[in-house]
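Okay, so here's the structure we're looking at.
Any read-out appearing in this document is the output of simple, stated calculations on the displayed coordinates, not a laboratory observation. Bear in mind the structure is a predicted one, so any value in this text is a computation, not a measurement. Quick reminder, even Gly has a Cβ in these numbers, built from the backbone with ideal geometry, and neighbours come from all protein chains shown.
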Amino acid sequence: MIESLNSPHVARVKALISSRGVKERKAAGEFVAEGLQCFREAVVSKNGPQIQSLYLTPSARVKVDELTDLSLINSFDVTDEVMRAMSQTITPQGILAICAIPQSEIDSLPLNGKRRFIYLSEVQDPGNAGTILRSADAFGMDAVITSPGSVDMYSPKVVRSTAGSLWHIPVFQGVALTDLLADPQLHCFSLGADGTQSLSSMSVIGDIVAIFGNEARGLSTAQSTLGINTVSIPMPGDAESLNLSAAASIVMYHLANMQAS
C-alpha cells in the first residue's frame, strides 16, 4: 500500500500530468488515464495504449478485479489521499493508469481508396480535440492526425474528453500538412465559412483528409495558399458559427454516409 505523498510513484504521475507534462510524456512515451471507462478500454484493446502501471484505491480494486485478472497487470494499492494527490479530477474514481503511447508511423496506414482521415491544424483546445477524436471513432474514421503546434492528444484533458475512444482509433502527432498534400492519392479539403462549395454537395472518391483549422484563426495564411478546396456547412438558422467539434462531427457524418453509399 502506497501511503506517502512523497512516493516516487506520486512524483512520476505528477510529472506526466503537470503543465510541462507534454515534454515528460514525449520523453517517457507514457501518459496518464483515469477512471473506469479508460481502464475497461485499455484491458480489451489490442492495438491501443497498453497499461504499464495501475494505481487503485481499495474500493476501486474490488470493482476492477471483477473485470480482469489483475495478476497480469503491474498494479499498486494506494490510499484515497494518495489517489487525490495524483488525480486531476475533483472526485477521483480511484483508478489511475500509466499507459504507453503507441509508437507507429503514419505510413503504417496503407491507402485503399476508402480511407477517411481527420487532420487537426494547430487545434489547441483539449476539449475540442478530444471530442473530435471521439466523433472520429463514432463515424468510422481511420485515424486522427495532428499538426505541429496542436494540443498533445495524450494530455489529461484530451484523454478524458475522448471518453475511451483513444483506444479505438490511431493517432499520429506532429505531421506537417505539406507532407499529406505531397501524396497524390490523398484528396484533401478544409472546412471554412468562406468555402465556395457546400458540404452537402461534396462527393469525393478515394482516400480523403478532412482538415480542421485553429478554433480562432482557421488555417494559417501559408496553409490557405496551398490550393486546398474549402467547403462550408449550410446553416439556414441564425447562428453565426458552430463550435469546432460540432462542425467536425457534421463533416464526419457526411463522410461516413459518402462511404456507405
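Decide, for the stretch 106-260, between rounded, prolate and oblate: order the square roots of the alpha carbon gyration tensor eigenvalues as a ≥ b ≥ c, take rounded if a/c falls under 1.5, and otherwise choose prolate if a/b is larger than b/c, else oblate.
Rounded.
Which value, to two decimals, describes the C-alpha radius of gyration of the chain once divided by 2.2 N^0.38 Å?
1.10
Explain nothing, just compute: Karplus ³J(HN,Hα) = 6.51 cos²θ - 1.76 cosθ + 1.60, θ = phi - 60°, for every residue of the stretch 98-107 in order, whole Hz, x for Gly and Pro.
Ordered by residue, 3J(HN,Hα) equals 9, 10, 7, 6, x, 9, 8, 9, 5, 5 Hz.
Once you order the gyration tensor axes a ≥ b ≥ c over the Cα atoms, which shape class does the stretch 183-256 get: rounded for a/c under 1.5, otherwise prolate or oblate by comparing a/b with b/c?
oblate
Using the Cα centre of the stretch 106-170 as the reference point, and only Cβ charges (+1 on K/R, -1 on D/E), how large is the resulting charge dipole? Debye, rounded to the nearest 20.
For the stretch 106-170, the charge dipole is close to 200 debye.
Based on the Cβ-Cβ distance from GLN52 to THR178, what FRET efficiency comes out when R0 is 41 Å, to the nearest 0.05?
0.75
Between ALA100 and SER200, what is 0.36 nm times their sequence separation minus the Cα-Cα distance? Round to one decimal in nm.
32.0 nm
Set the Förster radius R0 to 30 Å, insert the Cβ-Cβ distance between SER18 and LEU226 as r into 1/(1 + (r/R0)^6), and round the FRET efficiency to 0.05.
Taking R0 as 30 Å, the efficiency between SER18 and LEU226 is 0.25.
Using only Cα atoms, tell me the angle between helix 244-260 and the longest principal axis of the chain; keep it within 0 to 90° and round to the nearest 10.
Result, in degrees: 70.
Assuming R0 = 51 Å, what is the FRET efficiency of LEU67 and ALA193, from their Cβ-Cβ distance, to the nearest 0.05?
Computed FRET efficiency for LEU67 and ALA193: 0.65.
Give the peptides 74-83, 44-53 in descending order of average Cβ contacts within 10 Å, highest first.
The peptides rank, most packed first, as 74-83, 44-53.
How would the stretch 56-106 be classified by its alpha-carbon gyration tensor: rounded, prolate or oblate, with rounded meaning a/c under 1.5 and the a/b versus b/c comparison settling the rest?
Because a/c hits 1.5 or more and a/b fails to exceed b/c, the stretch 56-106 counts as oblate.
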